[in-house]
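These notes concern the structure reproduced below.
The values are calculated or read from the model by the stated rules, or taken from the named source; none is laboratory data. For clarity, every value in this text was computed on a predicted model and none was experimentally measured. Please note: Cβ atoms are built from the backbone with ideal geometry, for glycine as well, and neighbour counts cover all protein chains shown. Just so you know, the surface numbers come from the protein's heavy atoms only, side chains and all, with ligands and any DNA or RNA stripped out. Shrake-Rupley method; radii C 1.70, N 1.55, O 1.52, S 1.80 Å.
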Amino acid sequence: MESKTLYLNLLGYVRPHWRMFALSVLCMVLTAASEPVLPALMKPMLDGSFVAKDAVIIHWIPLALVALFVVRGITSFVSIYSMAYVGNHVVMDLRRRMFDKLLAQPVPFFDDANKGQLVANAAYNVTQLTDAATNVLTTLVRDVLTVAGLLGWLLYLNWKLSLVTFAIAPPALWVFRYASRRLRHTSRELQRNLGDITQVLDESIAGQKIVKVFDGRQYEHNRFEAVIQHARHFSMKQTAADNAHNPITQLLAAVAMAIIVYIATQQAATDQTSVGGFVSFIVAMMLLSAPMKRLSSINGSLQRGLAAAETVFALLDLKDEPDTGTTVFDRARGELRFEDVHLAYPGKPRPALAGIDLEVHAGETVALVGSSGGGKTSLANLIPRFYMPSHGRILLDGVDLNDIRLDSLRANIALVSQETTLFNDTIAANIAYGRLEKVSRAEIERAAEAAHALDFIRESPAGLDTLIGENGVKLSGGQRQRIAIARAILKNAPILILDEATSALDTESERQVQAALENLMQGRTTLVIAHRLSTIESADRIVVLDQGRIVEIGSHAELLTKGGIYSRLHALQFHEEKDTA
């Protein structure tokens with residue numbers, strides 16, 4: 001994306017705060033307008049006070065100097081404060097939109113995304129835009145006007161000397177353009193590298209038990225060393241690009257100053273300029289150096305901001321999860337029908353599902369079993385439209401899932417999976433997740449009781465108000481699962497998906513969780529993905545999947561009688577459990 005387009009997009013987020021922005025710009029203009037006043041006061045002060053001994057000038061010049069700096073102090077503070085207000089609101093607005101955009105992305109987006117880069121974009125890279133949207137603009141407006149005012153005064157005083165000042169502009173601009181290209185490249189690499197650093201840190205911290213047990217400290221050290229060395233390398237390149245042009249620009253200015261002093265002394269010798277005029281010119285020249293230096297230094301901030309803008313706006317330009325449905329269910333009956341459903345994941349050699357035809361009656365419990373990679377989870381993931389079928393269709397109560405509004409579809413589905421997701425909040429907030437303000441304390445307690453979780457909750461330090469840590473780290477595996485089941489019970493959805501909800505639990509925890517699941521499954525259409533076949537023997541029907549196809553359907557007794565895949569799986573597990581016992 002071109003710099004102009006990026007900057008215009010960025011300024012679009014400034015528009016809602018235009019009043020504060022306008023106030024800041026107005027104060028910048030006043031600050032810049034006051035800059036040439038100081039050298040302008042030098043001429044009458046020297047010529048009128050020291051040469052002509054004018055009493056009026058001697059009296060009023062000191063007061064004018066004090067008034068000048070009072071005005072400059074007030075306008076400078078207001079402009080900086082107002083622009084900071086705008087900048088912080090822009091960052092907040094962008095972060096809000098980025099977060100909402102992330103939540104609106106489909107599941108396949110997160111399968112391929114670099115999680116560390118996403119975090120870095122929202123947490124750090126977006127702050128780089130503050131400089132580009134506000135601080136850079138502040139410097140640009142104030143200092144361009146200051147330079148224009150000072151150059152105007154220089155032309156007024158002595159146009160011949162001013163031409164020397166203008167002569168340094170072309171080489172300075174060439175240096176500026178070269179540095180800009182280098183800075184954009186290094187800034188882009190640094191921001192990409194920050195995502196890699198975040199990724200390695202997140203994985204190392206989250207997997208610290210595995211790191212310790214499998215002696216992975218050196219491996220993780222090497223990974224982290226590689227990304228921080230990469231960061232150091234590009235940071236030094238950025239420093240060189242950001243600062244190398246300053247000495248060159250200052251050298252050009254020094255040469256111009258030397259030439260001006262030489263010419264001015266020749267003019268003074270022929271009475272073409274007065275002492276006050278010469279000092280005023282030199283003061284104006286010296287005052288030019290500060291805004292010129294700031295203007296040259298903003299290039300680094302500008303390029304960092306534009307590089308960040310590329311990643312931020314690339315995210316904001318992503319399309320949301322498709323939702324073309326118009327049908328809304330208050331509460332579905334729960335009848336599901338799969339018609340010749342196929343599913344292929346990008347880059348996979350064979351389809352995950354092929355030719356699935358299946359009807360699940362309302363209130364029926366259907367178990368999905370089979371070897372790993374057989375397509376059980378893929379089939380379940382199609383129901384809440386986490387993924388879209390490559391071919392065929394799925395109907396809920398006779399309506400194609402694509403014709404149902406996403407929020408309505410998912411409101412009718414509850415999910416309990418093996419990888420329980422809990423949030424760093426209270427037990428009550430996790431049970432009532434997404435509906436905390438809509439349910440009473442009594443309803444939360446009833447859901448916890450039905451999930452066989454109330455006993456351990458009462459033993460917790462603050463009961464339902466106990467903080468459970470990141471992903472429920474302060475709870476056992478069985479307790480986490482029962483919190484997830486309580487959450488599903490409270491939602492009271494007509495369709496329930498259980499994705500190996502007990503596979504990672506010990507026998508005692510499994511018994512408690514299984515009892516909670518039986519409460520949860522009552523009166524609901526339930527799809528159970530099970531590894532332990534003993535947990536689904538009471539299912540109404542068992543569907544056996546192999547390499548993405550349905551190979552057997554029937555009750556537990558019927559499938560055992562057939563002597564097929566299910567019978568072999570059951571016999572294998574029975575012998576394993578017997579040997580373990």
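Going by what's in this entry, would residue 498 be described as modelled with pLDDT of 85 or more, open to solvent by less than 20 Å² (accessible area, probe 1.4 Å) and closer than 30 Å to residue 383 by Cβ?
Details: modelled with pLDDT of 85 or more: yes; open to solvent by less than 20 Å² (accessible area, probe 1.4 Å): yes; closer than 30 Å to residue 383 by Cβ: yes.
Yes: the conditions hold for residue 498.
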- From the set of residues in the stretch 387-408 that are assigned to a helix (DSSP H, G or I), in contact with a Gly (Cβ under 7 Å, 6 or more places away or on another chain) and open to solvent by 40 Å² or more (accessible area, probe 1.4 Å), which is farthest from residue 348 (Cα to Cα)? 403
- Query: Which one of these is buried (at least 22 other Cβ atoms within 10 Å of the Cβ) and more than 26 Å from residue 539 (Cα to Cα): 383, 431?
  - Reply: 431
- Query: Looking at the stretch 217-237, is at least one residue more than 29 Å from residue 31 (Cα to Cα), at pLDDT below 70 and out of contact with any Gly (no Cβ under 9 Å at 6 or more places or on another chain)?
  - Reply: no
- Matching entry among 126, 107 (being of a type in the set (Val, Ile, Thr) and surrounded by fewer than 20 Cβ atoms within 10 Å (Cβ to Cβ)): 107
- Query: Across the stretch 409-428, which residue is nearest to residue 515 (Cα to Cα) among those that are open to solvent by 30 Å² or more (accessible area, probe 1.4 Å) and free of Cβ contacts under 8 Å to residues at least 40 places away in the same chain?
  - Reply: 419
- Note on the structure: Taking the stretch 425-466 and keeping residues in contact with a Lys or Arg (Cβ under 7 Å, 6 or more places away or on another chain) and not in a helix (DSSP H, G or I) leaves 433, 451, 452, 453
- With respect to the numbered conditions (1) modelled with pLDDT under 80; (2) more than 30 Å from residue 28 (Cα to Cα), which one is the sole condition not fulfilled by residue 131? (2)
- Task: Name every residue in the stretch 461-492 that is open to solvent by less than 70 Å² (accessible area, probe 1.4 Å) and more than 14 Å from residue 433 (Cβ to Cβ), in order of residue number.
- Result: 462, 463, 466, 469, 475, 476, 477, 478, 479, 481, 482
